[in-house]
Every structure is written in structure tokens, then in C-alpha cells.
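Here's the structure, in C-alpha cells; my notes come after.
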Amino acid sequence: MKLPNGEVLMHAAAPYDPKKAHEYYLRTRKLKGRKKGAQQPPKLSGLGARSALAKPKKTQVEQLSPKQKAELKAYAQQKVQEAQKKLNELNKKLKEKMAEAKKAERDSKKPKTAGEKAKDAREAKKYRQSHKTELKTKAKADRAKSGGSSDKGGASSNSVEGLKKQVAAAEANLNKAKAKLKALA
């Protein structure tokens, strides 16, 4: 059989013959019915069952020398400690951020006095005067940015939601490290 570009279609080492292929299909076709549910695993009986249960296969950990086991165990213990330390740090940051968020929420509900408003206005005016060029370039960048791209909407690593995600990931890492250590014990 020739392809549109003039090459001969090959099947293995011989050229492809559609008549021969159809004859082979007619000879070998068989309808296969549905298979009912999964088969039950064969039950072990007699001596084979006892010997299979008595001699479990060695795992990779059991095949290691005592020195290698000790090194792996020390490494796993170090990983557990590092994961625990990171989790503790993230929990501490999360508590601080949550406290800040509560304080900010509490302060935002309380109305400002006239003196606080005047003080804020003076500080804002002073800031605008000292940072004129920076504010202009930032405004230009914001206008250019708003024209084409949009915010991704992801939680930053400093927000409460971002820290909660980091804590969850750190807990998962700690659980994995503990599981590896337990497997070596």
C-alpha cells in the first residue's frame, strides 16, 4: 500500500497488505463476553499456608546493616525535628497574625475622634509631599497594570489564610517524617 507522498507503508519488515490483514482479522476475531465481578483470591491450605505465613519477605529496611539502619534512623529523627520546628514557627506566626487581625477589626469598628482624623490627615499630607515622585510612578504602574492583567487572587504568605495553608502543609510533612521514622523503628 502506498501513502499519498509515495512511500510504501510497512508493517514490521514486510509491506502492509490490507487484504492479508482483513483475512487475519476474520480468522482470529472472537466475541468476548463481559466478565462478572472480581474473582476471589485462592485460599491457602495445608503446609503451603503455614510456610507462607511463617516467612514474610524481607523489606528493604530489614536487609540493611545495623550501621545503615542507625544512619537512616538518625536522618529520619532529624527530619522530624526540623518539621516540628517549622510547624511551631508557623503556628506562632499564625497566632500573631490572628491577634493583629482581631485588633485591626476591633479598631476599625471604633469610630475615630476628630483629633485622630486631623492627625491622620496631617501625616498623609506630609507623606504625599515627601514621596511625590514615588507616588506618581506607582500610579502610572497601577494604571498600566489595570489595563491588561488581573489579580491572581491567591493568599499571600503573610495573610492568615496563607499561613493556615502553610501550617497544613507543614503538618503533612511532619506526619510523613513521623511515618518514615516509625517504619525504621
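Observations on the model:
- Filtering segment 133-155 to residues that are part of a helix (DSSP H, G or I), surrounded by 10 or more Cβ atoms within 10 Å (Cβ to Cβ) and at pLDDT below 85 leaves K145, S146.
- For segment 103-132, a residue qualifies if it is under 43 Å from the mean Cα position of the chain (by Cα), at pLDDT below 90 and in a helix (DSSP H, G or I), and the qualifying residues are K103, A104, E105, R106, D107, S108, K109.
- The single condition among (1) part of a helix (DSSP H, G or I); (2) more than 41 Å from the chain's Cα centre (by Cα); (3) at pLDDT 80 or above; (4) not acidic (D, E) that N5 does not meet is (1).
- Count - residues of segment 47-82 that are surrounded by 10 or more Cβ atoms within 10 Å (Cβ to Cβ) and modelled with pLDDT under 60: 4
- Number of the exception - N158 against (1) at pLDDT below 85; (2) over 30 Å from K79 (Cα atoms); (3) of a type outside the set (D, E); (4) surrounded by fewer than 11 Cβ atoms within 10 Å (Cβ to Cβ): (2)
- Pairs linking a residue in segment 121-137 that is of a type outside the set (K, R) to a residue that is surrounded by 10 or more Cβ atoms within 10 Å (Cβ to Cβ), with Cβ atoms under 8 Å and 6 or more positions apart or on different chains, are L135/R128.
The values are calculated or read from the model by the stated rules, or taken from the named source; none is laboratory data. Fair warning: this is a prediction, and the values are worked out from it, not measured in the lab. As a convention, Cβ positions derive from the backbone with ideal geometry for all residues, glycine included, and neighbour counts pool all protein chains shown.
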